[in-house]
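Take a look at the structure set out below.
The values are calculated or read from the model by the stated rules, or taken from the named source; none is laboratory data. Please read all numbers here as calculations on a predicted model, not as lab measurements. Heads up, the Cβs are rebuilt from the backbone with ideal geometry, glycines too, and the neighbour counts pull from every protein chain shown. With ligands, DNA and RNA removed, areas are computed over all heavy atoms of the protein, side chains included. Shrake-Rupley method; radii C 1.70, N 1.55, O 1.52, S 1.80 Å.
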Amino acid sequence: MHPILLYANPTLLAHLLEPLLRYTHSGLYPNRWPVHDLGTYPNATGYNRGDDEPMPVEEGGNMLWMALAYFQLSGDVEWVEKHYGVLKQWTTFLAEDGLVPAEQLSTDDFAGALLPLLALLSCFRSSS
């Protein structure tokens, strides 16, 4: 959806990201990565216990790419400054834990955890 919003009007993407950013700013979500979603329609109650679907690397990357794309097209420095703390938090999480993440789901729910990626990474680590 985000490429369509960027093409139509980048401000629409900022509006789409805003609820997730606000929820993270609130301090109610305990994890260092972005929340997977805000809840099941019609209730956007969040996951105050941090028990949402565990996809931290994928969600972190998605949110940062969308934020970067919005900023590149809009030049909205005020928006970036407003959300800088959260964006930095997610970036720090990915830098520290993104290369070899703990067990988590991926968009390909049929594959389960990211075992193929972890196996590939362990091959590179053992060969060095």
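At 0.36 nm per residue, and after removing the present C-alpha to C-alpha distance, how many nm does the segment from D97 to L28 gain when stretched out fully?
Numbers: separation 69, 0.36 × 69 = 24.84 nm, distance 2.16 nm.
This chain segment gains 22.7 nm when fully extended.
With a ≥ b ≥ c the root eigenvalues of the C-alpha gyration tensor of region 26-82, is it rounded (a/c under 1.5), prolate (a/b larger than b/c) or oblate?
prolate
Compute the distance in nm between two label points, each set 7 Å from the Cα along the Cα-to-Cβ direction, one at D76 and one at T45.
With each label placed 7 Å out from Cα toward Cβ, I get 3.0 nm.
Pop out the carbon and sulfur fraction of the accessible area of region 5-79 as a percent, whole number, probe 1.4 Å.
58 percent
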